[in-house]
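Bear in mind that the values in this text are calculations on the coordinates, not laboratory data. Remember, predicted model here, so these are calculated numbers, not experimental data. Please note: Cβ atoms are built from the backbone with ideal geometry, for glycine as well, and neighbour counts cover all protein chains shown.
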Amino acid sequence: MKKSIIFSILLMAFALPAFAQFDLTIDNRHEISLGYGFHAVSGDDFNLDYPFYREVDNIGAFHASYTHLFDSIVGVGITYCYDPRIINYYDYPGNGSDDRFTICNLDESSHAIMAHAKFNCYRYKFLLLYGKFDAGICFWDYRLKEFHPESYEIQLPDQHCCFAWNAAFGLEIGIRNFALFVQQGIGMEGTTSLGIIYKFKNK
């Protein structure tokens, strides 16, 4: 996490002076992106109120965005992010055996809707350096699987919501209408995120 923050600050320090060099004219005013992020920070991590052992399988965050560009520098839009994870709870029989048994599998997922602002910081030929900042709301859902109610009583919270956010700097590599991107940051989209962008103009 500290490396991500330091990397973002350095990118901002080097990129902001390049704003003055931008040509504000733009051909494509609309962007649609699809991406996948590693190690998302979803802002919630549910624990059962029992001293069970657990293993967390972080699948990763899937996100989609639409951005409307006012000029070649500033754009605003909306992002949807889906972050599923599987938590396996288990225990040991207590008779000295190393064979563990499963208490339950918990499917824990979040759905975030966020407004975002995007700032294109530096452009050179087919390379583009940008910053993107999101804020919105996140809805959580929990589903139990392989649960044994005859042996354990587990109370799950109802679906609830919390604040969702993301801050990242990224690099686009591509031609006029299509680009690949990689971004580094922190939040709902993950510390490292990869994806594709399609750009188009008004008909």
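What FRET efficiency comes out for D71 versus F163 if R0 is 30 angstrom and r is the Cβ-Cβ distance? Round to the nearest 0.05.
0.50
Label R100 and H39 with points 7 Å out from Cα along Cα→Cβ: what is the distance between them in nm?
The modelled label-to-label distance comes out at 2.2 nm.
Y142 to A117: extension gain in nm, 0.36 nm per residue of separation minus the Cα-Cα distance?
Details: separation 25, 0.36 × 25 = 9.00 nm, distance 3.06 nm.
Gain in length upon complete extension: 5.9 nm.
Let's test the formula: R0 of 45 Å, r as the Cβ-Cβ distance of Y92 and A64. What FRET efficiency results, to the nearest 0.05?
For R0 = 45 Å, the calculated efficiency reads 0.60.
Counting only other residues whose beta carbon sits under 11 Å from that of Y130, what net charge do I get with K and R as +1, D and E as -1? Show your work: numbers first, answer last.
Values: positive: K118, R123, K132; negative: E31, E172.
After counting each charged neighbour, the total is +1.
Take Y124 and Y82, extend 7 Å from each Cα along the Cα→Cβ direction, and tell me the distance between the two endpoints in nm.
Between Y124 and Y82, the label points sit 3.8 nm apart.
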